[in-house]
1. Counting only residues that are outside any strand (DSSP E or B), touching a residue at least 12 places away in the same chain (Cβ under 8 Å) and more than 14 Å from ligand 2 (Cβ to nearest atom), how many does segment 78-99 have?
2. Take the residues in segment 95-115 that are of a type in the set (Val, Ile, Thr) and within 11 Å of TYR141 (Cβ to Cβ), then tell me which one is surrounded by the fewest Cβ atoms within 10 Å (Cβ to Cβ).
3. Here is a list: LYS227, LYS218. Which entry is within 23 Å of GLU175 (Cα to Cα) and open to solvent by 30 Å² or more (accessible area, probe 1.4 Å)?
4. Could we say that ALA284 is within 21 Å of LEU238 (Cβ to Cβ), assigned by TED's automatic domain parsing to the domain that holds LEU253 and within 25 Å of the chain's Cα centre (by Cα) here?
5. Restricted to segment 1-11, and to residues that are of a type outside the set (Phe, Trp, Tyr) and in contact (Cβ under 8 Å) with a residue 24 or more places away in the chain, which residue is most open to solvent (accessible area, probe 1.4 Å)?
6. Quickly run through segment 158-200 and pick out the residues that are within 12 Å of ligand 1 (Cβ to nearest atom), among the β-branched types (Val, Ile, Thr) and not in a helix (DSSP H, G or I).
7. Please work out which residue is surrounded by the fewest Cβ atoms within 10 Å (Cβ to Cβ), limiting yourself to segment 44-77 and to residues that are more than 16 Å from ligand 2 (Cβ to nearest atom) and among the polar types (S, T, N, Q).
8. Taking segment 27-55 on its own, how many of its residues are touching an Asp or Glu at 6+ places or on another chain (Cβ under 8 Å) and not in a strand (DSSP E or B)?
Amino acid sequence: MDRDLSVVFDADHDELAEHFERATHRGREYFYLPDERHGVERGTVVTGDAIVRGFPSIPRVLVLDPGIPDFFEGPVTIEEKLNGYNVRIARVDGDVLAFTRSGYVCPFTTSLAAEYPLDVFFDDYPETVVCGELIGPENPYTTHDYEEVEEAALRVFDLRNRETGDPVSVDRRRERCDAYDLPAVPAFGTHEPDAAVDAIRDAIADLDERGREGVVVKSADGRRTVKYTTSAIHRADLAHAFDKPFDYGRQFLFARVIREAFQSVEFGEDEDTARQRARDMGEAILLPAIESIRAVEQGESIGDTHTVRGDPATIESLLNRFRAVGLHLDIEKDTYEDGDRVVRFTKVADASRDKIGHFLSGGTIDE
Ligand code: ATP
Ligand code: MG
């Protein structure tokens, strides 16, 4: 590692450095921190002279009132929280690299980043890391669809100094994205904290109706942020988890039950509305689980299906990486379209499939 970490972080260099993993991307060596250590964010990367800080965790409020007025002192901007995967893009020694949340240089996302005018941006802001959500139907990590995007697409929600992690203010960031043709996340206006409560409720009602995830509320300087999500995404998350019921922890279910319960109370739901919410949630949990047990009973495989498209070398290194980290892939389609390799694959949910199989054949459970 070329950099002395103790100069940048409040930690002993050797103690911190031992937690970094070494990896390479196209011959470039880099080190990434897969878990938070000594107060340094998960996903922090060191490569050559550059340090790219991990993306910080965003706290959640369970009630908007008084959650929002208590958390913020001045005006806040309401931005849409998009449901894809977090990506940080930086230029190091002339190479534009895209890092996943845990700091791995993703070849697929790196190649996608080349479709945006990032070089022009980095010519003017070389020390900036562009943080955004990668959304869209054709990506290797998430399965949420957005009607307005047809292929994998970037939406920027932060510009930060890559070494200090300091964000550019919300207004300046949105202007800069505009000026450099970098697509930004949708926004729902700026309000004083008290007035923001109603504006967020309106935004949430609209997003919920459209099956979208929620909002991230930000102070003008971009330093304080909280998130709040729709019932639609709570159900979608549950449905997504329970078609592989043994692949997700129980904490995942509990967190969403609690979010729904607080939302029902805050929205002042009458008995019928609350009962309907309860039914919808129950269906989101149980029906996918039932369907998956049936699928296993019939010898079908279960898991998330993704399609990826890109230059053959990129797709090959993505699939190799997945296999190297132990994912079991079922390749359902593997063709070439206009020089791109197009692969549809399922990340087979082995743990759930095996457990379901075990119980279907009469296995016992200790509970
Ligand atoms: P953590 O709890 O560590 O943040 P997580 O992935 O579970 O991890 P999420 O509930 O998905 O967290 O919420 C935070 C993520 O939301 C961010 O990491 C970012 O990828 C995503 N996101 C989407 N839209 C925005 C936005 N407008 N502003 C900030 N983050 C956004
Ligand atoms: Mg997310």
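1. Residues in segment 78-99 being outside any strand (DSSP E or B), touching a residue at least 12 places away in the same chain (Cβ under 8 Å) and more than 14 Å from ligand 2 (Cβ to nearest atom): 1 in total.
2. Initially, segment 95-115 is screened for residues of a type in the set (Val, Ile, Thr), giving 96, 100, 105, 109-110.
Subset that is within 11 Å of TYR141 (Cβ to Cβ): 100, 109.
Working: THR100: 19, THR109: 25.
So, considering only residues that are of a type in the set (Val, Ile, Thr) and within 11 Å of TYR141 (Cβ to Cβ), the one surrounded by the fewest Cβ atoms within 10 Å (Cβ to Cβ) is THR100.
3. Working: LYS218 fails: open to solvent by 30 Å² or more (accessible area, probe 1.4 Å).
On inspection, the qualifying residue turns out to be LYS227.
4. Details: within 21 Å of LEU238 (Cβ to Cβ): yes; assigned by TED's automatic domain parsing to the domain that holds LEU253: yes; within 25 Å of the chain's Cα centre (by Cα): yes.
Taking the combined requirement at face value, the residue satisfies it.
5. Within segment 1-11, the subset of a type outside the set (Phe, Trp, Tyr) is 1-8, 10-11.
Filter once more, so that each one left must be in contact (Cβ under 8 Å) with a residue 24 or more places away in the chain: 1-3, 5, 8, 10-11.
Working: MET1: 73, ASP2: 123, ARG3: 49, LEU5: 0, VAL8: 39, ASP10: 155, ALA11: 17 Å².
Filtering segment 1-11 for residues that are of a type outside the set (Phe, Trp, Tyr) and in contact (Cβ under 8 Å) with a residue 24 or more places away in the chain, the one most open to solvent (accessible area, probe 1.4 Å) comes out as ASP10.
6. Scanning segment 158-200 gives a single hit, VAL185.
7. THR77
8. Applying the first criterion (touching an Asp or Glu at 6+ places or on another chain (Cβ under 8 Å)) to segment 27-55 yields 28, 31-34, 38-39, 42, 46-55.
Restricting the remaining residues to those that are not in a strand (DSSP E or B) gives 33-34, 38-39, 42, 48-49, 53-55.
Of the residues in segment 27-55, 10 are touching an Asp or Glu at 6+ places or on another chain (Cβ under 8 Å) and not in a strand (DSSP E or B).
The values are calculated or read from the model by the stated rules, or taken from the named source; none is laboratory data. Since the structure is predicted, the reported quantities are computational estimates derived from the model, not experimental observations. Ideal geometry is used to build each Cβ from the backbone, glycine not excepted, and the neighbour counts take in all protein chains shown. What goes into the accessible areas is simple: the full protein's heavy atoms, side chains included, and nothing from ligands, DNA or RNA. Shrake-Rupley method; radii C 1.70, N 1.55, O 1.52, S 1.80 Å.
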